[in-house]
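Contents: one structure, followed by commentary.
The values are calculated or read from the model by the stated rules, or taken from the named source; none is laboratory data. Every value quoted in this text rests on a predicted model; they were computed, and no experiment measured them. With ideal geometry, Cβ positions are generated from the backbone for all residues, glycine too; neighbour counts draw on all protein chains shown. Calculation scope for accessible area: heavy atoms of the full protein, side chains included, ligands and nucleic acids excluded. Shrake-Rupley method; radii C 1.70, N 1.55, O 1.52, S 1.80 Å.
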Amino acid sequence: MTHPLNRDRSLEELERDRWLAPTADDTRLFITAHALRRRPIGELTVEDMRLLIGQDIGLPYLLPLAVEVLRENPMTEGHMYEGDLLSAVLTRNPSVWVEFPELGRELRGLVSKLTGLPTDLQQKVERFLLP
């Protein structure tokens, strides 16, 4: 089940989970994710969503937002490559789609119509579409 999307609230607020402040020993990725969790989800960029989704952070709130973006442009990109948001979404653990079956059905419908994808992205689509 996906959660209602209050785009004015951060993942910290929505999840009611405040992470400890980063330390000097934390990675740049952790520090970035920590900061993004404090930003209202409606202000997150494609790159922000790609990064957080790729780390399995805030999936109940971010997957619906990502699918909205992908609905408009499946090949949208953050800072990595064309289709990087789609790649991040498709490569989540298959158990995620058991939790969010309606979102999984919508995504399956969307990606089943895509053609001319780069080989690596096509392989991810094919793995996602496997029963």
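Considered as a group, the residues in the stretch 65-83 that are open to solvent by less than 20 Å² (accessible area, probe 1.4 Å) and at pLDDT 95 or above include one that is farthest from Leu14 (Cα to Cα), and that residue is Leu70.
Scanning the stretch 74-128 for residues that are within 16 Å of the chain's Cα centre (by Cα) and polar (S, T, N, Q) yields Thr76, Ser87, Thr91, Asn93, Ser95. Restricting attention to the stretch 62-73, the residues that are over 9 Å from the mean Cα position of the chain (by Cα) and either part of a helix (DSSP H, G or I) or closer than 16 Å to Asp17 by Cα (or both) total 5. Taking first residues from the stretch 73-99 that are under 17 Å from Val111 (Cα atoms) and partners that are among the acidic types (Asp, Glu) and open to solvent by less than 20 Å² (accessible area, probe 1.4 Å), the Cβ contacts under 8 Å between residues at least 6 apart in sequence or on separate chains come to Glu77/Asp84.
Give the residue that is farthest from His79 (Cα to Cα), with candidates limited to residues of the stretch 11-61 that are in contact (Cβ under 8 Å) with a residue 12 or more places away in the chain and among the aromatic types (Phe, Trp, Tyr). Among those that are in contact (Cβ under 8 Å) with a residue 12 or more places away in the chain and among the aromatic types (Phe, Trp, Tyr), it is Trp19.
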